[in-house]
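There's a structure below that I have some questions on.
The values are calculated or read from the model by the stated rules, or taken from the named source; none is laboratory data. Keep in mind it's a predicted model, so treat the numbers as computed, not measured. Here Cβ is always computed from backbone atoms with ideal geometry, including for glycine, and neighbour counts include all displayed protein chains. Surface areas here come from the heavy atoms of the whole protein model, side chains and all, with no ligands, DNA or RNA. Shrake-Rupley method; radii C 1.70, N 1.55, O 1.52, S 1.80 Å.
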Amino acid sequence: MAERKPIESWLTDMDGVLIHEGIPIPGADAFVKRLSESGRPFLVLTNNSIYTPRDLHARLSRMGLHVPVENIWTSALATAQFLDDQRPNGTAYVIGEAGLTTALHDIGYVLTDSEPDYVVLGETRTYSFEALTKAIRLINAGARFIATNPDETGPSAEGALPATGSVAALITKATGREPYFVGKPNPLMMRAGLNAIGAHSETSAMIGDRMDTDVLAGLEAGMETFLVLTGLTKPEEVDRFPFRPSTVVDSIADLVDRVAGPDHRTE
């Protein structure tokens, strides 16, 4: 295997890497602090489209993790950028919350249920049967189907919750139309994030807790990949996949010393 270049930029997933059910994972504060002090470009990513970057900044700050708004990248932002590139100043019928609707408003999209260019499905805690019915009818009438991410379930204190991927499957079953998923593992989200911070894949690393989204997206985007074992993927599951992360570590605490200052790399 060709030797990789030193890591100049870092992308890290949020849930399962930095926090777990609203509680910081040990070492996350030290890692974020080291990133901020290093001067290296970095992003904290999430496939969840519920919250705006400002919301997430505030939530993380309350946990002692101080991540600037501009260093937060969500599937909602990636979706909005994709739609702006594809069809500027378009229209969309949206199922989602403020993270998604705000991102679309910010690029000049009009949200409507009258002959929209797109049906955009995101995360929400209250999926409405009426809204899903409207989405199905609009897609059948010709609207293009976009989903923020393919995650089938999300975590909660009570157990798993149905997420965007599961609801998208319902709409697909009713319409025969598959959505275009913008979020991880689509490398589009990663490449757009790298572009946002002026980073290059060959000198960037992706940290995640899921083989099927984080590691796969990082791999396909050409980045070095780190799997932490504090989230969904368990150690015995790693070898079941047809691809491997560059490195497997117990937690984010093991990567603090990998973040170098502006002039050198710490091994």
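Suppose we keep only residues that are part of a loop (DSSP other than H, G, I, E, B) and among the polar types (S, T, N, Q) within region 111-134. Which one would you say is least open to solvent (accessible area, probe 1.4 Å)?
Taking the candidates together, the pick is T124.
Specify the residue that is nearest to D257 (Cα to Cα); the eligible residues are those in region 1-58 that are among the hydroxyl-bearing types (S, T, Y) and outside any strand (DSSP E or B).
S38
Right, something else. How many of the residues in region 201-255 are without any contact (Cβ under 8 Å) to a residue 40 or more places away in the chain and part of a strand (DSSP E or B)?
The qualifying residues number 6.
While we're here: I'm trying to understand the selection: among the residues of region 135-148, which are touching a helix residue (DSSP H, G or I) at 6+ places or on another chain (Cβ under 6 Å) and in a loop (DSSP other than H, G, I, E, B)?
T148
Just checking, how many residues over region 38-72 are without any contact (Cβ under 8 Å) to a residue 60 or more places away in the chain and open to solvent by 10 Å² or more (accessible area, probe 1.4 Å)?
16
From (1) surrounded by fewer than 19 Cβ atoms within 10 Å (Cβ to Cβ); (2) among the aliphatic types (A, V, I, L, M); (3) over 23 Å from D214 (Cα atoms), pick out the condition that doesn't hold for A160.
Here A160 clears every test but (3).
Please work out which residue is surrounded by the most Cβ atoms within 10 Å (Cβ to Cβ), limiting yourself to region 135-155 and to residues that are of a type in the set (S, T, N, Q) and without any contact (Cβ under 8 Å) to a residue 60 or more places away in the chain.
Here the residue is T153.
Can you name the residue in region 73-106 that is open to solvent by 40 Å² or more (accessible area, probe 1.4 Å) and not in a helix (DSSP H, G or I) and, of all such residues, is nearest to S36 (Cα to Cα)?
Out of the qualifying residues, it is E97.
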